[in-house]
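The values are calculated or read from the model by the stated rules, or taken from the named source; none is laboratory data. Values in this document were obtained by computation on a predicted structure and should not be read as measured data. Don't worry about glycine lacking a Cβ; one is built from the backbone with ideal geometry, like all the others, and counts go over all protein chains shown.
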Amino acid sequence: MTELVSIGDKVAEGRYSVHSHFTRAVNFVDGKRWAFLVAEEIGPGPLNIVVRGLPCEPLEPLVVSARGVRLAELRLPYAQEQVYPSRLELPRADLEGLDRRLAALERRVLRSAAPESLAFLLDEARLKKLRPGFETSFARKIRQGTELVFQGDLRAGVRALRGCGFGLTPSGDDFLAGLMYACHVSAALSSAPLPPGAAAPGRRAPELRRSLEVIHEELRGCDSFSTVFLSLAFEGRFFGKLKDVALALAEGAEARVEEAADRLLSIGATSGADLATGLIMTLRRLDSMDRAAPPRA
């Protein structure tokens, strides 16, 4: 029996056909609009339709309307409370413990990430495990791109990272998504209620917004499967596993961060780790810049 568990708040009404089919997900497209029919273990997301009992064979069409979802002849009604909210809202932020929680996230990535992931950006010792040839050349290009990003030439860095790697979502794109999500996490941290007596950081909302717009401008005109995910990152639309990480980083025990990290790292062969690497590196740099900035009046 197939039952709808949740539907993302960015799933648009339309008639979708199958684009690609995997064991735990069927990707649907309607022109330039996307919807992903996924198993429960994938979890919610802005474009995810999570079902219990995912059909073994891809069925089509997928029809989304105000009345519900229809998959071929299978009708999947849902209530308003089943709509997944993809915006990040933080009930409270414990900024003093952010460094410790970021360190816990990094430890988890370094412990569990696949050797071919971008985790070598967090620990150069991992470079020794890469095979000469393509892997070392790939690592060199990624490092050059990230150096450009964090040393002031954001446009050139985005151009170097965009599409770098293989698969539906190349590693460079996953890193850029992590970078953009980090900007949204930083903005959410700055606006979240702080514990009594905590000092407000010198956050730079205009600068964060400009960085996001620069990245988005460089991504325009690109037509690939990963573009939809980069667009969601630009908009600040979080999928469930990443939102759990953000909530744990804002206010949670290190154990909670590690548990959320394990779920994030389960995405793809390296996608979760590559995104987490971009998130960690960007938040670290934003945090150090905030400490150097004068407090807001």
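Remarks
- If you go through region 220-276 and keep only what is closer than 16 Å to Pro170 by Cα, under 12 Å from the mean Cα position of the chain (by Cα) and either among the β-branched types (Val, Ile, Thr) or assigned to a loop (DSSP other than H, G, I, E, B) (or both), you end up with Val228, Ile267.
- Region 212-238 residues that are in the same structural domain as Gly178 (by TED's automatic domain parsing) and at pLDDT below 90, paired with ones that are among the aliphatic types (A, V, I, L, M) and not in a helix (DSSP H, G or I) (beta carbon under 7 Å, 6 or more apart): Phe225/Leu168; Ser226/Leu168
- Any hit, region 52-67, residues being at pLDDT 95 or above, within 19 Å of the chain's Cα centre (by Cα) and closer than 21 Å to Leu264 by Cα: no
- Considering region 40-70, the residues that are assigned to a strand (DSSP E or B) and among the β-branched types (Val, Ile, Thr) include one that is surrounded by the most Cβ atoms within 10 Å (Cβ to Cβ), namely Ile49.
- Filtered by the rule that a residue be touching a Lys or Arg at 6+ places or on another chain (Cβ under 9 Å) and touching a residue at least 40 places away in the same chain (Cβ under 8 Å), region 14-33 gives Gly14, Tyr16.
- Yes/no for Glu116 being part of a helix (DSSP H, G or I), among the charged types (D, E, K, R), more than 19 Å from Met180 (Cβ to Cβ) and modelled with pLDDT under 95: no
- In region 1-39, residue modelled with the lowest pLDDT [restricted to those that are among the charged types (D, E, K, R), under 19 Å from Ala233 (Cα atoms) and assigned to a loop (DSSP other than H, G, I, E, B)]: Lys32
- Filtered residues of region 66-80 (kept if more than 16 Å from Leu47 (Cα to Cα) and among the charged types (D, E, K, R)): Arg67, Glu73, Arg75
- Boolean, Ala93 is closer than 30 Å to Leu219 by Cα, modelled with pLDDT under 95 and surrounded by 13 or more Cβ atoms within 10 Å (Cβ to Cβ): no
- The listed residue being closer than 23 Å to Gly272 by Cα, surrounded by fewer than 18 Cβ atoms within 10 Å (Cβ to Cβ) and either in the same structural domain as Tyr181 (by TED's automatic domain parsing) or polar (S, T, N, Q) (or both), out of Thr2, Thr23: Thr23
- Single condition Arg155 does not satisfy, out of (1) in contact with an Asp or Glu (Cβ under 9 Å, 6 or more places away or on another chain); (2) over 25 Å from Ser266 (Cα atoms); (3) without any contact (Cβ under 8 Å) to a residue 40 or more places away in the chain: (3)
- With respect to (1) assigned to a loop (DSSP other than H, G, I, E, B); (2) free of Cβ contacts under 8 Å to residues at least 60 places away in the same chain; (3) outside the structural domain of Val26 (by TED's automatic domain parsing), the lone exception for Glu89 is condition (2).
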